[in-house]
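Visitor: If you scroll down you'll find the structure; I have some questions about it.
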């Protein structure tokens with residue numbers, strides 16, 4: 001099979017052809033620079049303390065890894081396996097690899113090219129985007145994020161990144177991708193841009209067509225922009241009708257896929273919950289009845305509080321004025337209050353950074369907002385591990401350190417159950433699928 005065929009048989013032919021030289025270049029680069037290569041047959045990792053993601057905290061813990069998976073978890077000398085390479089991390093606390101449930105890895109800002117970030121997204125060739133976005137992928141790994149749900153990209157560049165990472169030709173977190181997000185003609189589209197047209201759908205028949213188009217491109221999850229809201233635009237007006245949202249939800253579920261619904265305001269979120277969406281992204285002002293229904297249906301809330309902090313702090317990069325910053329900070333306040341009420345109502349909450357451009361590496365700052373919203377550090381950590389696995393339907397593979405699970409393991413300096421900031425600022429070592437991808441222990 002050709003390199004293009006090995007990359008993906010599901011992306012559009014045009015994009016596959018345009019990115020083929022890039023795939024070859026990355027594969028050749030990996031060969032010539034001597035990649036990390038497969039993990040040793042057996043690794044034995046020792047931690048001073050281990051939080052396993054299943055409710056246990058083990059002292060003097062020993063984790064045995066065989067290939068990509070964990071084979072055993074124990075304590076003390078009795079758990080020591082023979083004929084294994086030992087990694088001594090007894091100075092640190094082990095936690096499961098973190099899951100960021102809302103990213104945009106292919107929204108990359110090239111500072112050398114200049115201009116505004118959003119303009120770069122729509123003007124740059126997708127093959128160049130995939131190559132440059134490796135930097136964001138590395139930053140995500142370095143802060144302990146070993147898996148992402150990537151919710152929106154142009155030209156199926158996210159599909160390409162996912163497949164390159166999966167085959168070992170690119171270093172990055174495990175990706176679950178959505179291709180184009182569905183949006184209406186009157187929706188969160190940048191003025192004058194046709195680059196997002198791949199996701200435009202007006203009316204139920206068009207919604208069904210675009211959902212099937214994403215499925216045909218090989219996506220893992222469907223994304224739907226059911227309201228306005230993006231960057232400094234905080235207008236949460238509903239863009240899709242209930243009937244359109246329900247059509248997308250049913251089409252996704254009938255194909256065995258999940259659907260994430262973007263809603264800055266409460267109205268679209270309310271309709272998405274009624275329609276049976278799997279997760280609600282961003283929404284503020286959710287009423288008590290909607291929160292109760294989310295709890296009943298186990299619909300997951302991804303507040304993405306921190307991404308507006310990022311926009312406010314990077315106002316000069318985006319060209320936002322002081323008034324925009326005031327509005328961003330007000331939205332943060334409302335977002336935090338909604339997360340607080342959702343937590344009290346028993347809604348499952350997952351960590352999603354909504355990381356874009358230069359925000360990668362800051363993915364886990366969302367966890368400190370969760371503690372401000374009333375979560376214990378243990379609950380905040382669960383939002384980035386077990387709840388993240390649940391949003392992906394990967395509860396038996398991700399989000400815990402246990403036999404049979406992927407060997408996605410992070411070492412932090414300190415006690416994250418006493419201070420969640422340890423997870424945000426003190427990641428020292430990261431393993432993804434049995435391979436060490438970041439080591440700052442020396």
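Visitor: Determine whether the range 204-225 contains at least one residue that is over 30 Å from residue 139 (Cβ atoms) and part of a loop (DSSP other than H, G, I, E, B).
Guide: Within the range 204-225, none of the residues are over 30 Å from residue 139 (Cβ atoms) and part of a loop (DSSP other than H, G, I, E, B).
Visitor: Taking only the range 137-148 into account, find how many residues are within 13 Å of residue 161 (Cβ to Cβ) and touching a helix residue (DSSP H, G or I) at 6+ places or on another chain (Cβ under 8 Å).
Guide: 3
Visitor: Right, here's the next one. Given (1) more than 30 Å from residue 431 (Cβ to Cβ); (2) without any contact (Cβ under 8 Å) to a residue 60 or more places away in the chain; (3) crowded, with 17+ Cβ neighbours inside 10 Å, where does residue 235 come up short, assuming only one miss?
Guide: (3)
Visitor: Ok, one more. Looking at residue 70, is it modelled with pLDDT under 80, crowded, with 22+ Cβ neighbours inside 10 Å and not in a loop (DSSP other than H, G, I, E, B)?
Guide: no
Visitor: Next question. Could you grab me the full set of residues in the range 428-439 that are in contact (Cβ under 8 Å) with a residue 40 or more places away in the chain and closer than 18 Å to residue 414 by Cβ?
Guide: Across the range 428-439, the qualifying residues are 428, 429, 430, 438.
Visitor: Restricting attention to helices (runs of 4 or more DSSP H) lying wholly within the range 276-382, give those where 3 or more residues are assigned by TED's automatic domain parsing to the domain that holds residue 129, touching a residue at least 40 places away in the same chain (Cβ under 8 Å) and over 24 Å from residue 222 (Cβ atoms).
Guide: 306-313, 322-344, 366-372
Visitor: Go through the range 245-263 and count every residue that is surrounded by 20 or more Cβ atoms within 10 Å (Cβ to Cβ), in contact with a strand residue (DSSP E or B) (Cβ under 9 Å, 6 or more places away or on another chain) and free of Cβ contacts under 8 Å to residues at least 60 places away in the same chain.
Guide: 7
Visitor: In addition: Under the condition of being farther than 21 Å from residue 74 by Cβ and surrounded by fewer than 17 Cβ atoms within 10 Å (Cβ to Cβ), which residue from the range 389-403 is farthest from the chain's Cα centre (by Cα)?
Guide: The selected residue is 395.
Visitor: Quick one: is residue 192 modelled with pLDDT under 95, closer than 18 Å to residue 247 by Cα and not assigned by TED's automatic domain parsing to the domain that holds residue 407?
Guide: No, not satisfied.
Visitor: Can you pull out the helices (runs of 4 or more DSSP H) entirely within the range 75-172 that have at least 2 residues that are free of Cβ contacts under 8 Å to residues at least 60 places away in the same chain and surrounded by 24 or more Cβ atoms within 10 Å (Cβ to Cβ)?
Guide: So the answer is 157-167.
Visitor: When residues of the range 236-268 are filtered for being over 17 Å from residue 354 (Cα atoms) and not in a strand (DSSP E or B), how many remain?
Guide: The qualifying residues number 23.
The values are calculated or read from the model by the stated rules, or taken from the named source; none is laboratory data. The shown structure was predicted, so the numbers you read here are calculated from the model rather than taken from an experiment. In this analysis, Cβ positions are derived from the backbone assuming ideal geometry, glycine residues included, and neighbour counts consider all displayed protein chains.
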